[in-house]
Amino acid sequence: MTGRTVQRALIHVGLVSAAFVMVYPLLWLGASSFRPSERALLETGLWIGDDFTLANYTNSWNSVGSTGFGTFFRNSVIIAVLAVIGNIVSCSLAAYAFARIKFRGRRIWFALMIGTIMLPYHVLLIPQYLLFDQLGWLDSFLPLVVPRFLATEAFFVFLLVQFFRLIPHELLEAARLDGCGYLGTFLRIVMPLAVPALATTAAFSFIWTWNDFLNPLIYLTSPENYTVPIGLSLFVDASGTSNYGGLFAMSILSLLPVIGFFLAFQKLLIEGISTTGLK
């Protein structure tokens, strides 16, 4: 073998080894989910042996606390899907207005919106809680869903504004000459071209909402309304009677929607983040 071949082989071995080190915790989590709960933390290897069991999955899915983990999955899916729809609709409309419609104070309002990104979430937490309390929305999905339909995610608005500015002005002028108004141009020209950016918005909205622990913890009090992150916390008991086998099993299941969503939109996600231009 030539020196170049040996060098490439060593590079590939190094990359595979580094990838295995990074993935090993996830592999260990999956292996431990098939071990009896009392042995879940005792084994450090990936070999399961004769103790293979599905009890952690079946028991935890059907009964966690006063309800089942399937209920938590259903709640998370409802909230995440509505959050994706809300962010796509509201943020795209707001971004289109900032990017392509001239109105008085546009730059000032856009600067104020971008400034909200720098505000710590905890600054807004108490005012929002008091507002939702007065509206009677506590212990419901409304505080977690309704703000998404009001373009409150400044990051997504900024992302879409940058993408909309890449659209050639001639396309919009041609649509205007054909009789399209602002809304018609937005629906027929802008939205089809912005699919990569919209996929990026959808992916991040889904992942952030699915993994959100603080907001559901604050606004949801009934077990039947809990989401997956709160459901996972029920497996750990401060008194020492923790069910780590069930925790590992449900953690694996909770990763599947996120991984599946990313794999389904991987190509559009990468293209939307890069925003290199139009084809």
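The values are calculated or read from the model by the stated rules, or taken from the named source; none is laboratory data. Not measured: the values here are computed from a predicted model. Neighbour counts run over all protein chains shown; Cβ positions are idealised from the backbone, glycine included.
Consider ALA151 carefully, then state whether it is in the same structural domain as ILE88 (by TED's automatic domain parsing) and closer than 21 Å to ILE88 by Cβ.
yes
Please enumerate the residues belonging to the range 42-90 that are buried (at least 19 other Cβ atoms within 10 Å of the Cβ) and more than 30 Å from PRO223 (Cα to Cα).
SER90
Can you say whether THR53 is without any contact (Cβ under 8 Å) to a residue 60 or more places away in the chain, touching a Pro at 6+ places or on another chain (Cβ under 9 Å) and not aromatic (Phe, Trp, Tyr), as far as the supplied structure shows?
yes
Looking at LEU214, LEU160, LEU234, LEU177, can you tell me which residue is in contact with a Cys (Cβ under 9 Å, 6 or more places away or on another chain), at negative phi and of a type in the set (A, V, I, L, M)?
On the way: LEU214 fails: in contact with a Cys (Cβ under 9 Å, 6 or more places away or on another chain); LEU234 fails: in contact with a Cys (Cβ under 9 Å, 6 or more places away or on another chain); LEU177 fails: in contact with a Cys (Cβ under 9 Å, 6 or more places away or on another chain).
Within the list LEU214, LEU160, LEU234, LEU177, the selection yields LEU160.
Pairs needed: first member in the range 97-122, in a loop (DSSP other than H, G, I, E, B); second member anywhere, surrounded by 10 or more Cβ atoms within 10 Å (Cβ to Cβ); C-beta distance under 9 Å; at least 6 residues apart or different chains.
ILE101/TYR182; PHE103/ALA97; PHE103/TRP109
What number of residues in the range 12-69 are under 25 Å from the mean Cα position of the chain (by Cα) and in a loop (DSSP other than H, G, I, E, B)?
Qualifying residue count for the region: 2.
Out of ASP212, ASP178, report the one residue that is of a type outside the set (Phe, Trp, Tyr) and more than 24 Å from ALA83 (Cβ to Cβ).
Residue meeting the stated conditions: ASP178.
Being part of a helix (DSSP H, G or I), out of contact with any Leu (no Cβ under 9 Å at 6 or more places or on another chain) and assigned by TED's automatic domain parsing to the domain that holds ASN225 is true for just one of LEU171, LEU160, LEU131, LEU144. Which residue is that?
Criteria check complete, one pass: LEU131.
Inspect all residues belonging to the range 188-197 and state whether any of them is of a type in the set (Val, Ile, Thr), within 27 Å of ILE101 (Cβ to Cβ) and free of Cβ contacts under 8 Å to residues at least 40 places away in the same chain.
Looking for residues that are of a type in the set (Val, Ile, Thr), within 27 Å of ILE101 (Cβ to Cβ) and free of Cβ contacts under 8 Å to residues at least 40 places away in the same chain, one finds at least one in the range 188-197, hence yes.
Of all residues in the range 146-179 being surrounded by fewer than 18 Cβ atoms within 10 Å (Cβ to Cβ) and of a type in the set (D, E, K, R), which is farthest from ILE101 (Cα to Cα)?
Out of the qualifying residues, it is ASP178.
Given the criteria assigned by TED's automatic domain parsing to the domain that holds ARG74 and either modelled with pLDDT of 85 or more or not in a helix (DSSP H, G or I) (or both), does ILE270 qualify?
For ILE270, the condition - assigned by TED's automatic domain parsing to the domain that holds ARG74 and either modelled with pLDDT of 85 or more or not in a helix (DSSP H, G or I) (or both) - is not met.
If we scan the range 201-215, do we find a residue that is over 30 Å from VAL123 (Cβ atoms) and modelled with pLDDT under 90?
Within the range 201-215, not a single residue is over 30 Å from VAL123 (Cβ atoms) and modelled with pLDDT under 90.
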